[in-house]
Amino acid sequence: MKDRWLLACGPFFSIEIAMTMTEQLNALGSILAQGSLHSLFQPIICLSERRILGYEALSRGPSNSPLHSPVALFSVASHAGRLSELEIACLLYTS
C-alpha cells in the first residue's frame, strides 16, 4: 500500500506524492548517488545601488522522478534525515 504525502507549499496550492516510504528513500538515494539534481542560481540585486547582494537557489530532482518538485525532494530528505547531504549535493551539481 502506498503512503500518500500531502506536502503544503503555501496558501494556494499543495503537492501530493503517492509512494511507499521505501520508494521515497530509494528515489532519494538514487538522486544523491547519481548527482541527478538540477540547481539554478539567480542573483538578488539592489537596484538603487546597482549591485548583487546575494543569490537564491532553486534545486529540483530529475524531471522523470516523483521527487522532481523541490517541495517533495526536500521534504523526503528532511524526513529521511538526509537534508544536509541533499543541500551539499545541490551545491556540487549546479547547472
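The values are calculated or read from the model by the stated rules, or taken from the named source; none is laboratory data. In this text, all values refer to a predicted model and were calculated from it rather than measured experimentally. All Cβ positions, glycine included, derive from the backbone under ideal geometry; neighbour counts span all protein chains shown.
On the stretch given as region 53-72, residues that are touching an Asp or Glu at 6+ places or on another chain (Cβ under 9 Å) and under 13 Å from PHE41 (Cβ atoms) total 1. Could you tell me whether region 83-92 includes any residue that is touching an Asp or Glu at 6+ places or on another chain (Cβ under 8 Å) and of a type outside the set (Lys, Arg)? Within region 83-92, not a single residue is touching an Asp or Glu at 6+ places or on another chain (Cβ under 8 Å) and of a type outside the set (Lys, Arg). Annotation: GLY29 fulfils all but one of (1) surrounded by 10 or more Cβ atoms within 10 Å (Cβ to Cβ); (2) at pLDDT 90 or above; (3) part of a strand (DSSP E or B); (4) out of contact with any Gly (no Cβ under 9 Å at 6 or more places or on another chain); the unmet one is (3).
For region 46-58, does any single residue satisfy the condition of being in contact with a His (Cβ under 8 Å, 6 or more places away or on another chain) and hydroxyl-bearing (Ser, Thr, Tyr)? Checked against the condition, which is being in contact with a His (Cβ under 8 Å, 6 or more places away or on another chain) and hydroxyl-bearing (Ser, Thr, Tyr), region 46-58 yields no hits at all. Taken over region 51-67, the residue count meeting the criterion of being at pLDDT below 95, surrounded by fewer than 16 Cβ atoms within 10 Å (Cβ to Cβ), out of contact with any Leu (no Cβ under 9 Å at 6 or more places or on another chain) and not acidic (Asp, Glu) is 3.
Is it the case that LEU47 is at pLDDT 90 or above and loosely packed, with under 14 Cβ neighbours inside 10 Å? Here the answer is yes, as LEU47 does meet what is asked.
Which of the residues that make up region 42-91 are closer than 15 Å to MET19 by Cα and assigned to a loop (DSSP other than H, G, I, E, B)? Hits for region 42-91 are ASN64, SER65, PRO66, LEU67, HIS68, SER69, ALA80.
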